[in-house]
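The values are calculated or read from the model by the stated rules, or taken from the named source; none is laboratory data. Values in this document were obtained by computation on a predicted structure and should not be read as measured data. Here Cβ is always computed from backbone atoms with ideal geometry, including for glycine, and neighbour counts include all displayed protein chains. The accessibility values were calculated without ligands, DNA or RNA, using every heavy atom of the protein model including side chains. Shrake-Rupley method; radii C 1.70, N 1.55, O 1.52, S 1.80 Å.
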Amino acid sequence: MFDNLSDKLDKALHVLKGHGQITEVNVAETLKEVRRALLDADVNFKTAKAFTNTVKEKAMGQDVLTSLKPGQLMVKLVKDELTTLMGGETAGIDLSGNPSIILMSGLQGSGKTTFSGKLANYLKNKKTKKPLLVACDVYRPAAIDQLHVVGEQIGVEVFSDKGNQDPVAIATAAIAHAKENGHNVVIVDTAGRLAIDEQMMTEISNIHKAIQPQETLFVVDSMTGQDAVNTAKAFNDVLNFDGVVLTKLDGDTRGGAALSIKSVVDKPIKFIGTGEKMEAVDVFHPSRMADRILG
Ligand code: GDP
């Protein structure tokens, strides 16, 4: 994960290792390389610039821990700032409703259906949760079948209504079904398009208004880099979602989406997808990810 970024940051931070003290010159030299590493990872320019400016201020500031050598100090400052950039704290999901309603949003192929299954499986394994999966893609019968396959695989009921063209009606009926049958979590998988279009946005916005979810999650393929960030912005403008799910982090992704999304939409990454299997999901921990990036 983020191997290229890790390598480049390691090289950048190495510059300071031989130095006895922090100086404006060696900090500037190091941060120039750090910025280049971030830009190469597809972090947007503004974010990368703000990042290095903050680290520079801290490195040159009063509150520097003088017990650390310059190399160690810079690693610590960069790690702290990477953690902040990715949201600081771990953000949980709100499961206080009965049922708790979770709405998935995102483009087609981002991994919504897969993640819906992963989340249902994750919650089911918590024993106190009895999830219901809901298929709301009225355009692609194959998407409904796919959710049924996932549901069968993990032993979670799937609510669908093939032929019904009204996703709001399906979602509403699913919630009534959940209440009658003791499901305390309802996960609503929605239709996606290959690119953002007005009809899709109107449709998901209507579903959102009708079912008033506790959690609206935006699912995005981390391999899409800056496009992931732009898509997040478009969905957030319409849905004001609660969190991001970053999928396909097991692939050869450069890291830009993980590092830029929080600063652009100000919403936390809540989960990451790390494979196609139902178990390949993790709660996102910014500090652990920063540790991993810096090796
Ligand atoms: P949807 O159209 O948004 O519902 O996307 P899908 O859930 O159908 O996923 C699209 C493709 O991405 C499928 O082939 C999934 O198996 C794959 N996929 C989803 N999440 C991950 C992940 O975290 N890692 C990998 N490697 N593949 C994933």
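Residue-wise HN-Hα couplings along segment 271-283, as the Karplus relation 6.51 cos²θ - 1.76 cosθ + 1.60 with θ = phi - 60° gives them from phi, are 9, 10, x, 10, x, 7, 6, 4, 8, 7, 9, 9, 5 Hz; Gly and Pro carry x. In this Cβ point-charge picture (+1 for Lys and Arg, -1 for Asp and Glu), the chain has a dipole of about 700 debye about its Cα centre. Residue order by solvent-accessible surface for I22, I269 is I22, I269, largest first, with ligands and nucleic acids left out and a 1.4 Å probe. Per-peptide packing, taken as the mean over residues of other Cβ atoms within 10 Å, places 135-144, 98-107 in the sequence 98-107, 135-144 from highest down. Of the cross-linked pairs K162/K209; K129/K179; K124/K267; K58/K233; K118/K233; K49/K262, those separated by over 18 Å at the C-alpha level are K162/K209; K124/K267; K58/K233; K118/K233. Apolar share of the accessible surface for segment 198-282: 42 percent from carbon plus sulfur atoms, 1.4 Å probe. Probing with 1.4 Å while keeping every protein chain in the model, the per residue accessible area of segment 147-295 equals 43 Å². Counting 0.36 nm for each residue step from H148 to N181 and taking away their Cα separation leaves a gain of 10.1 nm.
In the full protein context, segment 1-142 carries 49 Å² of accessible surface per residue, based on a 1.4 Å probe and ignoring ligands, DNA and RNA. The value obtained for segment 68-196, namely the Cα convex hull volume divided by the number of residues, is 152 Å³ per residue. Under 5 Å from the amide H of I101 lie the amide H atoms of V186, Q214, E215, each residue being 5 or more positions distant or on a separate chain, with H modelled from the backbone and absent for Pro and chain starts. Quick one: among A174, A50, A280, which has the greatest mean-square fluctuation in a GNM of the chain with alpha-carbon springs under 10 angstrom? Sorting by GNM fluctuation, first place goes to A50. Each principal axis of the Cα atoms in segment 1-117 has its own extent, and those three values, largest first, are 58, 29, 22 angstrom. For the chain, the Kirkwood hydrodynamic radius comes to 20.2 Å, computed from all pairs of different C-alpha atoms.
For a quick check, take a GNM of the chain with Cα springs below 10 Å and name the residue from K267, K112, K277 with the largest mean-square fluctuation. Comparing K267, K112, K277 in a Gaussian network model of the chain, the most mobile one is K277. Around the amide H of R193, modelled in the peptide plane, lie the amide H atoms of Q108, all under 5 Å away and 5 or more residues distant in sequence or on another chain. With all pairs of different C-alpha atoms in the average, the Kirkwood value for the hydrodynamic radius of segment 175-295 is 15.6 Å. Just how far, in whole angstrom, is segment 158-188 from segment 133-149 if you go by their alpha carbon centroids? First find each Cα centre; the distance between them is then 12 Å. Would you mind pulling out the separation of the Cα centroids of segment 112-128 and segment 214-282, in Å? Centre-to-centre (Cα) distance: 17 Å. How much of the accessible area of segment 125-165, probe 1.4 Å, is carbon plus sulfur, in whole percent? Accessible surface attributable to carbon and sulfur in segment 125-165 totals 50 percent.
Distances between every pair of Cα atoms in segment 80-131, grouped in 10 Å steps from 0 to the bin holding the largest one, split as 20, 37, 35, 9 percent.
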